[in-house]
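Novice: Here you go, one structure.
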Amino acid sequence: MLTKKITLRAAGASLAAVISLATQPLGAQTASESERLQKLERAVEQLQKRNAELQAEVSSLKAKQAVVAPEGKMKTKVFFDGKSYVEKAVVEEEKPPIYVVPRASELKLVLGGFIQVNFEDSDAFAFQGNFGLSAIKDRFRLRRARVNLTGDFAEQFDFKVEGDFEQNDGTSPSNRVDFSGTDIWVNWHQFPAAQIKVGQWKAPFGLDQLTPDTSLYTIERTLPTGAITPDRQIGAQLWGKPFTNVWPEQKDLLTYYAGIFNGNGKNTNVNDNNNFMYVGRLESTLFQDVFGKGSFLKLGGDVLNSRDDKGVNISQSGNLLVNADGSLSPFTLPGADERTAWSVDAWLKVGPFDLIGEYLEEYVNGRTVNGVPPGFANFTTD
């Protein structure tokens, strides 16, 4: 405030001096022209000197004020000194924004997620065997509620961490299991033709199963997909696109996947035995954008082999067992088994038209283990 007053006074003094000079009779009869010019020059010199002094004084006051009053927004606070209340101007502290700092050399971190909600009415799940006493009541259903974090780091790796808040329709207050991991993996991609992936994700089997939830054309996946495909598993996988470097414009012509997994389902770190589930897939995009932008023809084929012990649920994401009353339920092995499955699929897209087909088949062979006969008869499902 003091600086502003001094500046205004200096400006007022200068203006008054100029007006005073301007109002003097320049044509005085007793003074010559040269005398009048000399007086004007002296007056200008005095004004310049005075202005320089004022500027120096203003600069000095600004420096003192900067020391006394730190930078920042000022606010008035009331202090009590024991006898009276005193108002003082203090600097308002700015609250720092919330931010995330990567611990390593991550090049990209992306926070994402999605929510899907269903309204189900009038025997909504009778088609999959939920009828009679097991019928689903009319309801609003939180189908999926996922949060994920994806990113790249160390120039050679990418990763994904995702969890789902809605994984159990029968949640009770005493036994809540609503949140669990879905995709948790890290992938080494230095060589596009030979990438290595470890963690938990969907085993590469079944087109319908591998199609992302946000890209499905129907509200749920098909019953064969739920009964036969292995869904998410914990393991390791070698995969890649062999033509990425040698034929970049046709890199999607061939993609291969070869994985080895525990075979016990998601979020289960123990293995039921010393054997593993082996899964392989080949897929090829024969053409893209030939019949208009976005058009394509994709073909795929899968194979699976696994040996499991008694008690393993081999229909992780759906219903495989037909009960006596006609209802369906997951199939938990009553004895050791060896199962082999395969599938073929095709997807043609031309403009708004999609034709998607898939065939799946699985042969389950009960085995004698340590002299104990199998607990069920061999069967094939397709």
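The values are calculated or read from the model by the stated rules, or taken from the named source; none is laboratory data. If you're wondering where the values come from, they're calculated on a predicted model, not measured in any experiment. For neighbour counting, all protein chains shown are included, and Cβ atoms are generated from backbone atoms with ideal geometry for every residue, glycine included. For the accessible areas, the whole protein counts, side chains as well, though only heavy atoms, and no ligand, DNA or RNA atoms are used. Shrake-Rupley method; radii C 1.70, N 1.55, O 1.52, S 1.80 Å.
Novice: Using the crude model of +1 on Lys and Arg Cβ and -1 on Asp and Glu Cβ, and no other charge, please compute the dipole size for region 147-248 relative to its Cα centre, in debye to 20.
Specialist: It comes to approximately 340 debye.
Novice: Between their Cα atoms, which of K49/K75; K108/K241; K137/K298; K49/K77; K95/K197; K241/K293 are more than 32 Å away from each other?
Specialist: From K49/K75; K108/K241; K137/K298; K49/K77; K95/K197; K241/K293, over 32 Å: K49/K75; K137/K298; K49/K77; K95/K197.
Novice: Could you derive backbone 3J(HN,Hα) for region 212-222 from the dihedral phi with the Karplus parameters 6.51, -1.76 and 1.60 (θ = phi - 60°), listing whole Hz in sequence and x where the residue is Gly or Pro?
Specialist: So the Karplus estimates, Gly and Pro as x, are x, 4, 7, 10, 5, 8, 10, 5, 9, 6, 6 Hz.
Novice: Then there's this: At a probe size of 1.4 Å, how large is the accessible area of W239, to the nearest 10 Å²?
Specialist: 50 Å²
Novice: Further, regarding this structure: When the Karplus curve 6.51 cos²θ - 1.76 cosθ + 1.60 is applied with θ = phi - 60°, which whole-Hz ³J(HN,Hα) does each residue of region 184-198 get, with x for Gly and Pro?
Specialist: Once θ is set to phi - 60°, the couplings for region 184-198 become 9, 8, 10, 10, 8, 10, 4, 10, x, 7, 8, 9, 10, 10, 9 Hz.
Novice: Under a Cβ-Cβ cut-off of 12 Å, what is the net charge of the residues other than E87 that fall near it, where Lys and Arg count +1 and Asp and Glu count -1?
Specialist: Spelling it out: positives minus negatives among the neighbours equals +2.
Novice: Rounded, prolate or oblate for region 189-300? Axes are the square roots of the Cα gyration tensor eigenvalues, ordered a ≥ b ≥ c, and the cut-off for rounded is a/c under 1.5.
Specialist: Oblate shape, in that a/c is at least 1.5 and b/c is the bigger or equal ratio.
Novice: Something else: Please report the carbon-and-sulfur percent of the accessible area for region 228-295; probe 1.4 Å, protein heavy atoms only, DNA, RNA and ligands left out.
Specialist: 59 percent
Novice: Could you state how much accessible area T340 has, in square angstrom rounded to the nearest 10, with a 1.4 Å probe and all protein chains kept in place?
Specialist: Spelled out: T340, probe radius 1.4 Å, area about 60 Å².
Novice: Which whole-Hz ³J(HN,Hα) couplings does region 234-239 yield from phi under the Karplus relation 6.51 cos²θ - 1.76 cosθ + 1.60, θ = phi - 60°, glycine and proline marked x?
Specialist: Each residue of region 234-239 in turn: 9, x, 9, 8, 9, 8 Hz.
Novice: How much area per residue is accessible in region 263-382 when the probe is 1.4 Å and only protein heavy atoms are counted (Å²)?
Specialist: Roughly 53 Å² per residue, with all protein chains present.
Novice: Quick one: which residues, 5 or more positions from L321 or on another chain, have an amide H under 5 Å from its amide H? H modelled 1.01 Å from N in the peptide plane, none for Pro or chain starts.
Specialist: S329, F331
Novice: Lys and Arg at +1, Asp and Glu at -1: add these up for the other residues within a Cβ distance under 13 Å of Q233 and post the number.
Specialist: 0
Novice: If I model a spin label at F379 and D123 as a point 7 Å from the Cα along the Cα→Cβ vector, what separation in nanometres do I get?
Specialist: 2.3 nm
Novice: Each label point is 7 Å from the Cα along the Cα-to-Cβ direction; what then is the distance between the points at F353 and Y217, in nm?
Specialist: According to this spin-label approximation, the distance is 1.2 nm.
Novice: When the solvent-accessible surface of protein heavy atoms is calculated with a 1.4 angstrom probe, in what order do R146, R307 fall, highest first?
Specialist: So, going from the largest accessible area down, we get R307, R146.
Novice: According to the square roots a ≥ b ≥ c of the eigenvalues of the Cα gyration tensor, what is the shape class of region 253-331, taking rounded for a/c under 1.5, prolate for a/b larger than b/c otherwise, and oblate for the remainder?
Specialist: oblate
Novice: Let me make sure I get this right: for region 133-253, a, b and c are the square roots of the gyration tensor eigenvalues over alpha carbons, sorted descending. Under 1.5 in a/c it's rounded, otherwise prolate if a/b > b/c, else oblate. Which is it?
Specialist: Prolate shape, in that a/c is at least 1.5 and a/b is the bigger ratio.
Novice: A follow-up question, please. Per residue, how much accessible surface does region 86-161 expose to a 1.4 Å probe? Answer in Å², no decimals.
Specialist: 77 Å²
Novice: Between N365 and F140, what length comes free when the chain is fully extended (0.36 nm per residue of separation minus the Cα-Cα distance, one decimal in nm)?
Specialist: 77.0 nm
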